[in-house]
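Working notes, beginning with the structure itself.
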Amino acid sequence: MNDAANLRPDEDAAMEAAALWCIRLTEDDLTPAEWDEFEAWLALPDHADLLQDAARVWRESGAIGDWPEIIALRSKALSQFRQQSQKRWLSGTPGPLRRGAAWAAMLLLAVATAGIWYVTRPDAIETGVGERRVALLADGSHVSLDATTSMTVRMKDEARQIELVEGRAKFDVAKDPLRPFTVAAGDKLIVAVGTSFSVELVDGEVRVILYEGQVEVRDRADTTRSAVPARRRLMMTAGSELVDTVGSAAPPQVSRPDLSQTLGWELGLISFDDEPLVGAVERMNRYSARRIRLADPALGAIRIDGMFRAGDVDAFVEGVTALHPVRQRIAGDEVVLEAR
C-alpha cells in the first residue's frame with residue numbers, strides 16, 4: 001500500500017480509467033465512437049498493462065454474477081463508481097483514489113459481475129440478400145446463416161455468446177460442458193452445451209427448432225439461479241419446434257415439425273406449412289432484391305402451404321394468387337399483393 005501512496009496523479013487517473021473501461025466493456029454495448037475512444041486510450045503507454053491487471057481481478061472473482069442479490073449489488077456499485085469517476089475526470093483534478101483502493105473497488109464490482117474474459121469487439125457475421133454462408137467459430141462450432149441474416153459472436157473463457165440480430169441461423173455446437181453456448185434472439189435466450197438447433201426471427205416471433213440434444217429456452221431477462229426452473233423456462237427435446245411472440249406473456253407454442261422440410265433453406269428451398277402470408281413474404285424477401293409487399297396488413301393472416309425455390313418471386317406470387325383471393329400489381333421493383 002506504500003507504493004500506492006507514492007502514485008503520481010497521472011498514474012492514479014490511468015488506473016481509474018482502466019477500472020471504468022473494464023466496467024463499460026462488460027456492462028455496455030459501446031458505440032463505434034466509444035470503441036475508437038477506447039482504442040485510442042489503450043494505445044497510450046502502460047495502459048494495456050493496466051487493463052490486463054483490471055481484467056485479471058475480474059477474472060479471479062469467480063462466476064456468480066447472475067445471482068439476483070449480486071446483480072443488485074453490481075448495479076449500485078456500478079452507478080456510484082461511474083458518478084465518482086466522472087466527477088473527477090470532468091473537474092480535471094485527480095481524485096484521492098489510490099492503487100489499493102482502486103483494485104478493491106474493481107474487486108467489488110468483479111464479484112458483482114461474472115467477470116471479464118476477453119476485452120475485444122464482438123465479431124459480426126452477416127449475409128446479404130440471397131446470400132447463404134457457413135461459418136466456423138473459434139470453438140469449433142459450425143453456423144449456417146440464411147440470407148439477410150446478422151449476428152454477433154463473443155467467445156469468452158467461460159461462455160460462448162451469440163446474438164441473432166435478424167434472420168435465421170443453424171448452430172452445430174462443439175461440446176464444451178464448461179462453456180455454455182447461448183443465443184440471444186428478441187427477448188429470448190437459448191442455452192445449450194453441445195447440440196444442433198436453429199433460431200429464427202420472423203414476423204415478430206422467435207422460432208427455435210431442435211435437431212439434436214437439448215436446449216433450454218428462457219426469457220432474456222431471467223438471470224435467476226434456482227433449483228426450481230423459472231416460469232418461462234422450457235427444456236426442449238430433439239425434434240421439437242418452439243414459437244414465441246416477442247414481448248408476449250402468452251406461453252410459447254411447441255410442436256413437432258417435419259425436420260427434413262425445416263432444413264430445406266440450407267439447400268435453397270423454402271417450405272411453408274400453414275404459415276401466415278406475412279411471415280412467408282418476409283422469408284421470400286430475404287432472397288430477392290425484387291421485393292413483395294402486402295397492400296393490406298389484413299392479408300397477412302392468409303395461410304400458406306407449399307415449397308418454393310429461394311428467390312423465385314414469380315412462382316411464389318403465382319401460387320398465392322392462384323389459391324387465394326389475392327392479385328398482384330407491379331409497382332417499380334415491388335410486387336404488391338392486394339385483395340381482389
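The values are calculated or read from the model by the stated rules, or taken from the named source; none is laboratory data. In this text the structure is predicted, and so the values were computed from the model without any measurement. Don't worry about glycine lacking a Cβ; one is built from the backbone with ideal geometry, like all the others, and counts go over all protein chains shown. Side chains included, ligands, DNA and RNA excluded: accessible areas come from the protein's heavy atoms. Shrake-Rupley method; radii C 1.70, N 1.55, O 1.52, S 1.80 Å.
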Please find, within the range 278-304, the residue that is surrounded by the fewest Cβ atoms within 10 Å (Cβ to Cβ) out of those that are in contact with a helix residue (DSSP H, G or I) (Cβ under 7 Å, 6 or more places away or on another chain), within 25 Å of residue 145 (Cα to Cα) and of a type outside the set (S, T, N, Q).
290
Search result, residues across the range 128-168 that are in a loop (DSSP other than H, G, I, E, B) and of a type in the set (Ser, Thr, Tyr)
141, 148, 149
Within the range 169-183, which residues are at pLDDT 90 or above and either outside any strand (DSSP E or B) or open to solvent by 10 Å² or more (accessible area, probe 1.4 Å) (or both)?
170, 172, 173, 174, 182
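Table: residues versus (1) over 29 Å from residue 172 (Cβ atoms); (2) basic (Lys, Arg); (3) out of contact with any strand residue (DSSP E or B) (no Cβ under 9 Å at 6 or more places or on another chain).
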{"position": "265", "(1), (2), (3)": "no, no, no"}
{"position": "268", "(1), (2), (3)": "no, no, no"}
{"position": "271", "(1), (2), (3)": "no, no, no"}
{"position": "280", "(1), (2), (3)": "no, no, no"}
{"position": "284", "(1), (2), (3)": "no, no, no"}
{"position": "293", "(1), (2), (3)": "yes, yes, no"}
{"position": "297", "(1), (2), (3)": "yes, no, yes"}
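Is it the case that some residue within the range 305-317 is without any contact (Cβ under 8 Å) to a residue 60 or more places away in the chain, of a type outside the set (Val, Ile, Thr), under 30 Å from residue 233 (Cα atoms) and open to solvent by less than 80 Å² (accessible area, probe 1.4 Å)? Before the answer, list the steps.
First, the residues of the range 305-317 that are without any contact (Cβ under 8 Å) to a residue 60 or more places away in the chain: 305-309, 312-317.
Now restrict to residues that are of a type outside the set (Val, Ile, Thr): 305-309, 312, 314-316.
From what is left, the residues that are under 30 Å from residue 233 (Cα atoms) are none.
For the range 305-317, residues without any contact (Cβ under 8 Å) to a residue 60 or more places away in the chain, of a type outside the set (Val, Ile, Thr), under 30 Å from residue 233 (Cα atoms) and open to solvent by less than 80 Å² (accessible area, probe 1.4 Å): absent.
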